[in-house]
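Before any comments, here is the structure.
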Amino acid sequence: MIDISIEGQNGERRVLEVPEDMGLNLMEVLKAYEYDIQATCGGMALCATCHIEVLEGGEKLGEINDNEMATLDTLPDADRNSRLACQLRPDAAMNGLVIRLKCNN
């Protein structure tokens, strides 16, 4: 298990215990914790309904693939810290990651 923190609108952080060996992506983990993520495209990096901002630990994440970059480029509020949760697979390197959900702002 690894810890990933979700920062809410008020700045409070909730730590989630995330399994790294179940083959889930971060979007699926967030849905399992009952965060309001539509996941309209089913994790194909097409809809951006799982848009997150990486507040801490971005250097621990893998490179953005072309599909993710193309989708993020369509978002007016995306920046260099933006990622799609559906494209991130939790692993040991992500322990301590801090994110904020952008998809339901």
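Before moving on, here are some points about what is shown:
- Matching residues, the stretch 46-65, being over 12 Å from the mean Cα position of the chain (by Cα) and polar (S, T, N, Q): ASN65
- Each residue in the stretch 65-86 was checked for being surrounded by 16 or more Cβ atoms within 10 Å (Cβ to Cβ), in contact with a helix residue (DSSP H, G or I) (Cβ under 8 Å, 6 or more places away or on another chain) and not basic (Lys, Arg), and 6 pass.
- Reported count of residues in the stretch 49-77, each being among the hydrophobic types (A, V, I, L, M, F, W, C) and more than 17 Å from ILE37 (Cα to Cα), is 5.
- Whichever residue in the stretch 24-38 is touching a residue at least 12 places away in the same chain (Cβ under 8 Å) and not in a helix (DSSP H, G or I) and, among such residues, is surrounded by the fewest Cβ atoms within 10 Å (Cβ to Cβ): ASP36
- Within the stretch 2-26, being under 18 Å from LEU84 (Cβ atoms), of a type outside the set (A, V, I, L, M, F, W, C) and within 13 Å of the chain's Cα centre (by Cα) holds for GLU7, ASN25.
A short reminder: the numbers here are calculations on the coordinates, not readings from a lab. These numbers were taken from a predicted model, which means no experiment stands behind them. Note that each Cβ is placed from the backbone with ideal geometry, even for glycine, and that neighbours are counted across all protein chains shown.
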